Amino acid sequence: MTNDKLTFSVSTLMEKPMATSESYTFDAEAEFEDIKAISNVTGKVSVMKIDKGFNVITSNVDIKVAFECERCLRDFTKEIHVPAAERQFYFTAPENIEDPADIFLIDKKRQKIDLTDMLRQEIALHFPVIQVCSDGCKGICHICGNNRNEKSCNCEDEHSSDHKPFAGLKDLLK
């Protein structure tokens, strides 16, 4: 998916000497595959001409994303901050490609680079490993289905302090 506000012209840099760079800021509607964005994506980008294309560095990328809590299944939002990311955009694809998802090409016909996929990858890499609404989330009771954050229940919890799954090991060691 392409977003015109995340597409930058490199036509002026094409004719410039190596190591010439330009910087931009962006504030664009976030339309990323598999990411439930609820705010625009903002940040800065610096584009520098290199031998086989352009070196692109993004910095201070911010976006708010909606998640579903893994414990209580409620929706919550979290701000994702990507301090910096760097990729190379090539005029032609390199011969030795380990991962095709890491290859970014310049649209030579329009003389533009599109940051959409680069940003999508970086934002996803900065997702929380365990997606919970709060550290203190009690989750859903596996017996009655109540959200324990809203209402307590009297169901016997298999994870209570009385439950000792390794208690039988003591007898095996005798």
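Some points to look at:
- Meets criteria (within 30 Å of Gly139 (Cα to Cα), surrounded by 15 or more Cβ atoms within 10 Å (Cβ to Cβ) and of a type in the set (Phe, Trp, Tyr)) for Phe54: no
- Among the conditions (1) among the small types (Gly, Ala, Ser); (2) outside any loop (DSSP other than H, G, I, E, B); (3) free of Cβ contacts under 8 Å to residues at least 60 places away in the same chain, the only one that Ala124 does not satisfy is (3).
- Taking strands (runs of 3 or more DSSP E) as the structural unit, those lying wholly within region 1-68 and holding at least 1 residues that are of a type in the set (D, E, K, R) and at pLDDT 95 or above correspond to 21-28, 41-50, 53-68.
Table: residues versus (1) part of a loop (DSSP other than H, G, I, E, B); (2) surrounded by 11 or more Cβ atoms within 10 Å (Cβ to Cβ); (3) touching a residue at least 12 places away in the same chain (Cβ under 8 Å).
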{"residue": "His81", "(1), (2), (3)": "no, yes, yes"}
{"residue": "Glu86", "(1), (2), (3)": "no, yes, yes"}
{"residue": "Glu95", "(1), (2), (3)": "yes, no, no"}
{"residue": "Ile113", "(1), (2), (3)": "no, yes, yes"}
{"residue": "Cys133", "(1), (2), (3)": "yes, yes, yes"}
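The values are calculated or read from the model by the stated rules, or taken from the named source; none is laboratory data. This structure is a prediction, so every number in the text was calculated from the model and none was measured. Positions of Cβ are backbone-derived with ideal geometry, glycine not excepted, and every protein chain shown enters the neighbour counts.
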